[in-house]
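The values are calculated or read from the model by the stated rules, or taken from the named source; none is laboratory data. Please read all numbers here as calculations on a predicted model, not as lab measurements. Cβ placement follows ideal geometry from the backbone for every residue including glycine, while neighbour counts extend to all protein chains displayed. With ligands, DNA and RNA removed, areas are computed over all heavy atoms of the protein, side chains included. Shrake-Rupley method; radii C 1.70, N 1.55, O 1.52, S 1.80 Å.
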Amino acid sequence: VDFIALLPVPYKSLIQHPDFNAIGLVDLTMFEEKKSRKLVDSANTPIFGVDVNGNVNEWNYKTSEITGYTREEAFNKPFVKTFLEPDEQESMQEVLILALKGIETSNYELEIYTKNHEQRFLLVNATTWRDTDNNIVGVVGVAQDVTESVKNDRALAASARDLKLLVTTANTPIFGVDTNGDVNIWNKKTAEITGYRKEEVLGKSISFLSDDIKGLIDRALEG
């Protein structure tokens, strides 16, 4: 990993100065490399990187913690084929290809499985990695572990689907109105009792029902 590319601009300018001491350059470069290495390693967010061939060349401690793979196990392995499920590989490969062309991707939801086969979700920003001459040398992924949030969202979506199915197939009339009194729920049993199909009543005021129809619904609800 070329950490010289991470040097702050003032240091780069200093290095380019004709009177700059070569020994000082070595000392400064080593200092900045160690500093940058420590920042990456100790970051409280997963940071990983690949070279132009898609092989892992960066893998910080947080990435190891989340995936269960050590840096030694991950380094020089093809990232996509080694750590992603087949149905995730094509889309992630496209993200990497774009980044290697200088087109970066933000908030890409990446699904991975850990060494212990646990499902994890990462929100990844894929950034083009350039050297000191501005040549593209790889891709850096800075991620956020959003596993709990994604699982909660999916659980809520599943509950909503279950509730919708229950309402639709219930053997009792179920209907609903919004704050304006317009129909927004009308299940099959309600349609059967009233003779009005859902398509005929959705969005209409509940007041269109005759007293006789309302009476039918009331009696059905009472059992």
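What the table shows:
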item	result
Residue that is most open to solvent (accessible area, probe 1.4 Å) [pool: residues in the range 68-77 that are of a type in the set (D, E, K, R) and more than 17 Å from G141 (Cα to Cα)]	E72
Count of residues meeting criterion [outside any strand (DSSP E or B) and either closer than 23 Å to N57 by Cα or modelled with pLDDT of 90 or more (or both)] in the range 119-162	5
Sole exception among (1) assigned to a loop (DSSP other than H, G, I, E, B); (2) open to solvent by less than 50 Å² (accessible area, probe 1.4 Å); (3) touching a Phe, Trp or Tyr at 6+ places or on another chain (Cβ under 8 Å); (4) not hydrophobic (A, V, I, L, M, F, W, C) for G102, by number	(3)
Considering residues of the range 163-189 that are surrounded by 15 or more Cβ atoms within 10 Å (Cβ to Cβ) and part of a helix (DSSP H, G or I) only, the residue modelled with the lowest pLDDT	V167
Matching option when the condition is open to solvent by 40 Å² or more (accessible area, probe 1.4 Å) and over 22 Å from S42 (Cα atoms), among V137, V142, V80	V137
L110 being of a type in the set (A, V, I, L, M, F, W, C) and open to solvent by less than 30 Å² (accessible area, probe 1.4 Å)	yes
Close pairs from the range 186-207: first touching a residue at least 24 places away in the same chain (Cβ under 8 Å), partner of a type in the set (G, A, S) and open to solvent by less than 80 Å² (accessible area, probe 1.4 Å), Cβ under 6 Å, at least 6 apart	I193/A220; S205/G181; I206/G181
Test result for E192, open to solvent by 30 Å² or more (accessible area, probe 1.4 Å) and at pLDDT 80 or above	yes
